[in-house]
Amino acid sequence: MLIQFKNIYILLMFPKVIILFFIFFSTIFHAWAFQSPSVEDSLVNLLNKIDTKQDTQRVNMLNVLAFELRNIDNQKALKYGEQALSLSEKINFKRGMMVANGNLGWIYYRMDNNEKSLNYAVKGLKMAEEFKDIAQQISNLNTIACDYSDRAKYDATITYLSKAILLSKKISDQYLLARTLNNIASSYLLKSKPDSALFYTKQALSAGEAAQNLHTIAFAFRNMGDVYFQKKQISKALAAYQEALKKSEQENNNYLTISLKNRTAKIYLEANLFSLAINELDKAIQIGKQYNFPYELHIAYQLMSEVYKQNKDFEKALDFQLRYMHLHDSLYDAETNKQTAMMENQFESEKKQSQIALLAKNNALQQITIAQKNSLLYWILGALMVLSLLIFLLARYNRQKKKAYKTLFEQRNAIAEQNEEIKQAKEELKSQSEHLKDLNNLKDKILAIISHDLRSPVASLSNLLALFNTSEISKEELTLLIKGLKKNIDVLSLNMDNLLQWAYTQMGGLQTNKEIVDIHYIIEGKMNFFEVNLLNKRIGLQNKVPENTFIHADKEQLRLIFRNLIANAIKFTPIKGQIIIDYEKENENYIIFNIKDTGVGMTKEKVASLFSIDKKISTQGTEGEKGTGLGLLLCKEFIEKNGGTIWVKSELYKGSTFSFKLPLSAIC
């Protein structure tokens, strides 16, 4: 049966009734699933009751444990996540691998290991796309977005989260929608856009309440507090933080709790409420150490140092500052220790002034000897030398670490470039394969045209000559038949010419030689060419293009274009119909020619397939005229070679208008 456990879909087939009952209970009340440690114990007990050690049911339970503990206890979550992945790979359970990769991506993000986090999240996303598991896609998109946010790539972060929002709305999952909206609000906060952040925070709060999910509600209140803090509305910020803290403690969400303790402590610090700040930071440090949240822990150390510094307890201030520096260096590639050195120098200066004042007071009261003064001075100088040496060693360590990170970054870029080259090679092979397939289809089409549309006129001529040769028909009958045969031979000539020209263009052998052409005479020449055809069908053809209408194009290609378009109009225009050729200037650079007929017209489907070789089917004219269907294809190709475009407007039984535009000559 398919169970949704906090939006992780897992396939469970437990044989025992008690196990099914527990999963059902957990699904219904997932908003309260880990409010007490006993639930974790219950899940572990269920895990231990599974008979086999290599079963998909065990993988599913391990994934549930990793998911539920990932914001509570990183170390335990990591242990269960790694066990789930290892067992999934061992028994080749693909869906188990997908969920385990997604869980580990988020767990490593919470442990501030962005490299491993991104690696697992990308694997999880790829597998989720293969399985079309939208919930897992959304979860991994959030993890990837958060990793990019830590790298200060906020535009990329918002792009990934926007995709996750669309997917959340697609499956109407309020929990995943709330989570994603919260993350995009955090991104806008980092970009110092509090109004945009507040907009998404309110949507996240609404979605979280609809899902009845304490985590997303607490997250939304925390974002709201950050917005008000950025806007300097401190009382509103504190109220939002306290509401978020109440929700996170109710859910037993240790990560949110430590982050909120740090935020409220910062407000107390700025208000000089040192005892309240120390109380909050003590709890934050305890949570950070116990559950391994290094980023928030190093913030707590930094804030505690500042509290003791402002409270004039310089010894403790220095102690927490050193803890902060040590943890900061393990998390980030710290460029310099300038700010820390300045604080330590200030501390030493204040300490020195305090000691000098104390020494002067002791001199006045106890009349300490000059030797004692010199001894104290030497001690201070020695301390300064030791501090200088310490700063030098720390700076040297940071330079070495930067060099190592630079080498690693260059190697990673080289691998990425190789992967891109492989990808391009695959795409090129695919393109060549598709091109070969198109050429094969083209060959089949040409053979079909030759066998269907060109064989008939030749066969008619052969049969006629055979009859005449055997004296089975008279000269008078031959003369009568020749008139009909003449029409077929003319069609054959036109079709052969079209076929040869079209094949020539496909082989790349035809060149376009543009020159200044008076289009009026091109049309007149084609009217004379089709004079017999027009007389036979009693069709009127009007040339409304005046003399001295110059365009810049290939003259021979223009003749073929008008020959085919006029032939097409004659073919589908009934006896006593009309054909009009006119023009209009689109602008200073282009002229449009229209060939209008009063013929049979076409359906929309027929119009859509006119210029496609794959769908080209020759249609007989009103008097049975035949063709290959290549004339219009040639027109389109030659018009485009001359810098123009062609289009058609037609209505069934009301005629057609073939229009195309070409560049005007500069002398027009």
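Residues that are open to solvent by less than 30 Å² (accessible area, probe 1.4 Å) and at pLDDT 90 or above: does segment 608-629 have at least one? Among the residues of segment 608-629, not one is open to solvent by less than 30 Å² (accessible area, probe 1.4 Å) and at pLDDT 90 or above, which makes the answer no.
Restricting segment 217-264 to residues that are acidic (Asp, Glu) and at pLDDT 90 or above leaves a set whose member that is farthest from Gln290 (Cα to Cα) is Asp226.
Tell me, please, whether a residue that is open to solvent by less than 50 Å² (accessible area, probe 1.4 Å) and among the hydroxyl-bearing types (Ser, Thr, Tyr) can be found in segment 273-289. No. The single condition among (1) among the hydrophobic types (A, V, I, L, M, F, W, C); (2) touching a Phe, Trp or Tyr at 6+ places or on another chain (Cβ under 6 Å); (3) more than 21 Å from Leu141 (Cα to Cα) that Ile184 does not satisfy is (3). Is it the case that some residue within segment 224-240 is of a type outside the set (Asp, Glu), touching a Gly at 6+ places or on another chain (Cβ under 9 Å), under 19 Å from Asn140 (Cβ atoms) and open to solvent by less than 30 Å² (accessible area, probe 1.4 Å)? No, the conditions are met nowhere in segment 224-240.
Within segment 88-115, the set of residues being farther than 15 Å from Arg70 by Cα and open to solvent by 40 Å² or more (accessible area, probe 1.4 Å) comprises Glu89, Lys90, Ile91, Asn92, Lys94, Arg95, Glu115.
Return the pair list, or none, for Cβ contacts closer than 6 Å from residues in segment 134-149 that are under 9 Å from Trp106 (Cβ atoms) and of a type in the set (Asp, Glu) to residues that are open to solvent by 10 Å² or more (accessible area, probe 1.4 Å) and assigned to a helix (DSSP H, G or I), at least 6 apart or on different chains. Every condition considered, no pair remains.
Of the strands (runs of 3 or more DSSP E) lying entirely inside segment 528-613, the ones with 2 or more residues being under 22 Å from Phe638 (Cα atoms) are found at 550-553, 578-585, 590-597.
For segment 217-231, the criterion of being more than 20 Å from Gln75 (Cβ to Cβ), free of Cβ contacts under 8 Å to residues at least 40 places away in the same chain and in contact with a Phe, Trp or Tyr (Cβ under 7 Å, 6 or more places away or on another chain) is met by at least one residue.
The values are calculated or read from the model by the stated rules, or taken from the named source; none is laboratory data. The structure presented is a predicted model; accordingly, all values stated were derived computationally and were not measured. All Cβ positions, glycine included, derive from the backbone under ideal geometry; neighbour counts span all protein chains shown. All accessible areas refer to the heavy atoms of the entire protein, side chains included, with ligands and DNA or RNA removed. Shrake-Rupley method; radii C 1.70, N 1.55, O 1.52, S 1.80 Å.
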